[in-house]
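The values are calculated or read from the model by the stated rules, or taken from the named source; none is laboratory data. These numbers come from a predicted model, not from an experiment. Backbone-built Cβ (ideal geometry, glycine too); neighbour counts: all protein chains shown.
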Amino acid sequence: MQLIHFAILSPFLLAFVVPFLFKYVRRIHTGWFVLILPILLFTYFIQLLQITSNGRTLFSQAEWIPSLGMNFTVYVDGLSLLFALLITGIGALVVLYSIFYLSKEKEQLGSFYTYLLMFMTAMLGVVLSDNMVVLYLFWELTSISSFLLIGYWYKRERSRYGATKSLLITVFGGLAMLGGFILIYLITDSFSIREAVNQLQLIMASPYFIPAMVLILLGAFTKSAQFPFYIWLPDAMEAPTPVSSYLHSATMVKAGIYLVARFSPIFAISEVWFWTISIVGLITLFWGSFHAVRQNDLKAILAFSTVSQLGMIMLMLGVGAAAIHENNPAFFGAAVLAAIFHLINHATFKGSLFMAAGIIDHETGTRDIRKLGGLMTIMPITFTITLIGTFSMAGLPPFNGFLSKELFFTSMIRISDISFTDVSTWGAVFPAIAWLASVFTFIYSMMIVFKTFRGRLNVDQLEKKPHEAPIGMLIPPIILAALVVTFFFFPNILAYSVIEPAIQAIIPEAIQTGSRFAVKIEAWHGFQPELYMTIGVVALGTIGYLTLSKWRPMYNIFKEKWSFNALYDRSLIGVEKGSYRLTNSYMTGFLRDYLVYVFGFMIIVLGSVMFYKQAFSFQTEHAASIGTYEAILSLVMVAATVTTVFARSRLTAIIALGVMGYTLSLFFVIFRAPDLALTQLIIETISVALFLLCFYHLPKLSLKQKTRRFKLTNLIISLGVGVVVTCLAFASTSQQSLDTISTYFIENSYKLAGGDNIVNVILVDFRGFDTLFEITVLAIAALGIYGLLKVKAQGKRKRGVRR
Amino acid sequence: MRKIDTNDMLLQVTTKITAFIILLFSLHLFLAGHNNPGGGFIGGLMSAGAVVLLLLAYDLKTVRRILPFDFIYVAGVGLLVAILTGMGSFLFGAPFLSHAFDYFQLPFLGKTELATAVLFDIGVYLVVVGVTMTIIQTIGEKE
């Protein structure tokens, strides 16, 4: 464990303290305590920039389960550090924002910050782990914390729905990803990603190459809300706005992007990789922006916009993979540059937009653009922030979104130069669709800013009288908006400190040793096709926005019935119904039926194994001779059994069963097993007492109910069990193919464990773990009985009061 | 458990004495476990047996007064003791549930063996008592 391990785990550790802070220090908003940590972590990671910006990496290993090759290995390179900075930087701003967004009187802040800190550790773990199993672990932890945060207002039905949906989809992807990791492990015999990069030749030659790639991509696509898995993201907007801004726009949804970038050095060599990522990215880009225009809820527009922008980054990473195929890596590497740059820009402008939407929601009580309007003079600062954010998103100067959109167009145009595409087909399709998507992006960006802030103010439609937000709520989006402008004028502060090291981690081929990758980000590069494309976007976008009311009804063609959402809902209902029917078919609620299953299974499995192994043998030469005592005791037992079965009253049956148990303990005495005898004796006593207790509650034993069929089944089952157990007992005593292990215990119980009583030494020492599990099972059984009976009794009482 | 109307004088008087004898004997069984028949499981069951006797002779309310705690917690504490004993071996760099024992000269007792296994056995004892009593009490008090 070194400082970096501790840095990753520190939010998780703080999460343990937070509930107590919330409970006992009510005067101060819990967020102020939490805020310190992300700021500290951010400065710590900033300081690590010195290492990565010089092309070096940091590697540190803490052993966890070395015998299985699972270690907490931290690997810091340009890519992971970029994400770590985003996570802690945006994290700090979001915590500050949440202090003013969530009231300390009304909300359960303890659980909110616990989940948020849990997420922070999980996300840092995802981007900084080199070990794939550890990565997977943190990956699932992000899904779980996201689930908890979406469902934070768990009393709302939509929150619960959104939380479940996101969990089901992302965990499905995570599981697929784990499968991919295991395939890589099978090839390379190591869970380390760096090791996998080193053994590239081996992986490429393996038949698992494509399956592993597809499985890992499933993980990435579900997490990053790519088509058609994007459906969980709009529903995740039920979370409090700080969460949407943090998890569902800036960090968690980019985990899939991270995964694709991280595995690019391994899979990018394949054309399948290029095609899958580019096409999925392209569809997502278009689909997201196209549907964003349809939405009326500010956060829903932003959610679809996030889907679209994630698709765009994905698409650029896909195109960047071409750098490995072609002999001009720097030329296509520009797409990766664009991806990284846009990733940073998106975090800034979308973060500020989400926060602004939160402010509007907080101060007016609605997010519906049909009700909003005319807020410009009332909320001038929020208006400015939104203006900067949306114009950057639309790709206008002087904001950073313009730069990355130009770079994006450049990489789209360059697709036609890839050797396996050509201008007449794919080379033209990609730029065309990308351009069209940008037009829609422009339109919904304008919708966000103008529908909210211009037009007429309808105060009576709003739930609250609108006013400007408190300054603390404005500071985080102002900082982000300031960054949006700063990155436009000085993009090069990022170039060699952050972007180049990240490119090096994604496409190492693009950078020869000793030389640098030319990170050229300029606002003006002459009258190039990119500029004409931007002008076209603005022109058509403006027309589109102005005539919005004319063509927006066309969205009604897309019926909700045929959407992916409906498919998700229907399949969920189908699975539920199916499993309900299946379970109902055998869970009858009668103990006698369950006993038939249990014993029937036992007869079939044991009997067939014995038959298959030819294990029947009835030798008696090893057996002890039968003396008078044994004969008498056996007779007593048989008599007790017969009495139990044919008893007419239940009380008789219980007592006869007790007789059988006590006789058994006498058998143990005869065969000199005092421990067993004692246990049997006490168990029998207590279980008779228990039976007598239950006896009060049982209905009268009625013999009429027993049909012939019921009797016949019981007869067959009991005969079967008797025969199988007898055969097994004979077989186990007559064949001694293996040495008994009892000699080991006899020899070592005093030597190793200091006890003469072998039975007890086995229980507490040699087989202590078994005992631990046994007492755990006992405790669970007790809890179950306690819960079932107590809850039922309480329910009855409550109903009684109401009556 | 349903209150029995008949006043079982004989049973109640005997129980007053025998319950303690059984409890003491169960304690003896528990401690003897390492070298003679007995141990946490048997000891726990026998202690539970003593309480069951009390329950039969008197009623649930009386037993509640004598032992004013929820037995489900006893089971929980026992499980915790067992797991913590197992984790204690981490402090010495040994795998989970490694036991140690040694012989000590103690006042009054003379040369005595002390083993960490006893701690684990205390956990087993508590779980068994807790579980048995929880089950019997919950079913018994259900009307």
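Quick rundown of the values:
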| read-out | value |
| --- | --- |
| Residue that is surrounded by the most Cβ atoms within 10 Å (Cβ to Cβ) [pool: residues in segment A:726-739 that are among the aliphatic types (A, V, I, L, M) and without any contact (Cβ under 8 Å) to a residue 60 or more places away in the chain] | A:729 |
| Residue within segment A:745-753 that is modelled with pLDDT of 75 or more, assigned to a helix (DSSP H, G or I), under 19 Å from residue B:74 (Cβ atoms) and basic (Lys, Arg) present | no |
| Members of segment A:567-593 that are of a type in the set (A, V, I, L, M) and either touching a residue at least 40 places away in the same chain (Cβ under 8 Å) or in a helix (DSSP H, G or I) (or both) | A:567, A:572, A:573, A:575, A:582, A:591 |
| Failed condition for residue A:270, given (1) surrounded by fewer than 24 Cβ atoms within 10 Å (Cβ to Cβ); (2) of a type in the set (S, T, N, Q); (3) under 30 Å from residue A:440 (Cα atoms) | (3) |
| Single unsatisfied condition, residue A:336 versus (1) surrounded by 24 or more Cβ atoms within 10 Å (Cβ to Cβ); (2) β-branched (Val, Ile, Thr); (3) within 25 Å of the chain's Cα centre (by Cα) | (3) |
| So residue B:84, is it more than 9 Å from chain A (Cβ to nearest Cβ), assigned to a helix (DSSP H, G or I) and at pLDDT below 90 | no |
| Extreme residue, nearest to residue A:771 (Cα to Cα), among residues of segment B:82-102 that are in contact (Cβ under 8 Å) with a residue 24 or more places away in the chain and touching a Gly at 6+ places or on another chain (Cβ under 7 Å) | B:82 |
| Residue check for residue B:33: within 17 Å of residue B:125 (Cα to Cα), surrounded by 20 or more Cβ atoms within 10 Å (Cβ to Cβ) and touching a residue at least 24 places away in the same chain (Cβ under 8 Å) | yes |
| Residue pairs meeting the criteria (Cβ under 6 Å; at least 6 apart or on separate chains; first farther than 11 Å from residue B:135 by Cα and facing another protein chain (nearest Cβ under 7 Å), in segment A:778-794; second in a helix (DSSP H, G or I) and modelled with pLDDT of 80 or more) | none |
| Per-region count, segment B:98-118, residues part of a loop (DSSP other than H, G, I, E, B) and either among the acidic types (Asp, Glu) or modelled with pLDDT under 80 (or both) | 3 |
| Any hit, segment B:47-55, residues being more than 7 Å from chain A (Cβ to nearest Cβ), modelled with pLDDT of 90 or more and under 25 Å from residue A:770 (Cβ atoms) | yes |
| Residue in segment B:57-69 that is at the interface with chain A (Cβ under 9 Å from one of its Cβ atoms) and either surrounded by fewer than 23 Cβ atoms within 10 Å (Cβ to Cβ) or of a type in the set (Val, Ile, Thr) (or both) present | no |
| Failed item, numbered, when residue B:113 is tested on (1) over 13 Å from the mean Cα position of the chain (by Cα); (2) more than 7 Å from every other protein chain (Cβ to nearest Cβ); (3) under 21 Å from residue A:763 (Cα atoms) | (2) |
| Scope segment A:316-332; condition modelled with pLDDT of 80 or more and not aliphatic (A, V, I, L, M); matching residues | A:318, A:320 |
| Filter result (in contact with a Ser or Thr (Cβ under 8 Å, 6 or more places away or on another chain) and free of Cβ contacts under 8 Å to residues at least 40 places away in the same chain) within segment B:41-69 | B:42, B:46, B:49, B:50, B:53, B:54 |
| Hits in segment A:374-390 (condition: among the hydroxyl-bearing types (Ser, Thr, Tyr) and either surrounded by fewer than 22 Cβ atoms within 10 Å (Cβ to Cβ) or out of contact with any helix residue (DSSP H, G or I) (no Cβ under 6 Å at 6 or more places or on another chain) (or both)) | A:377, A:384 |
| Selection from segment A:556-594 of residues that are closer than 29 Å to residue A:290 by Cβ and loosely packed, with under 10 Cβ neighbours inside 10 Å | A:556, A:557, A:559, A:560, A:561, A:562 |
| Sole residue being in contact (Cβ under 8 Å) with a residue 60 or more places away in the chain and either within 11 Å of another protein chain (Cβ to nearest Cβ) or more than 53 Å from the chain's Cα centre (by Cα) (or both), chosen from A:693, A:651, A:676, A:666 | A:676 |
| Flag if residue A:274 is touching a Phe, Trp or Tyr at 6+ places or on another chain (Cβ under 7 Å) and farther than 30 Å from residue A:155 by Cβ | no |
| Leading residue by the ranking (farthest from the other protein chains (Cβ to nearest Cβ)) among those in segment A:733-777 that are among the aromatic types (Phe, Trp, Tyr) and farther than 20 Å from residue B:35 by Cα | A:773 |
| Selection count where residues are crowded, with 17+ Cβ neighbours inside 10 Å and either among the small types (Gly, Ala, Ser) or closer than 20 Å to residue A:126 by Cβ (or both), scope segment A:9-40 | 8 |
| Residue match in segment B:26-40 (condition: within 7 Å of chain A (Cβ to nearest Cβ) and among the hydrophobic types (A, V, I, L, M, F, W, C)) | no |
| Tally of residues being at the interface with another protein chain (Cβ under 7 Å from one of its Cβ atoms), within 17 Å of residue A:773 (Cα to Cα) and among the hydrophobic types (A, V, I, L, M, F, W, C) across segment B:129-143 | 1 |
| Condition met for residue A:110 (touching a Ser or Thr at 6+ places or on another chain (Cβ under 8 Å), closer than 28 Å to residue A:359 by Cβ and surrounded by fewer than 22 Cβ atoms within 10 Å (Cβ to Cβ)) | yes |
| So residue B:21, is it touching a helix residue (DSSP H, G or I) at 6+ places or on another chain (Cβ under 9 Å) and either among the charged types (D, E, K, R) or part of a helix (DSSP H, G or I) (or both) | yes |
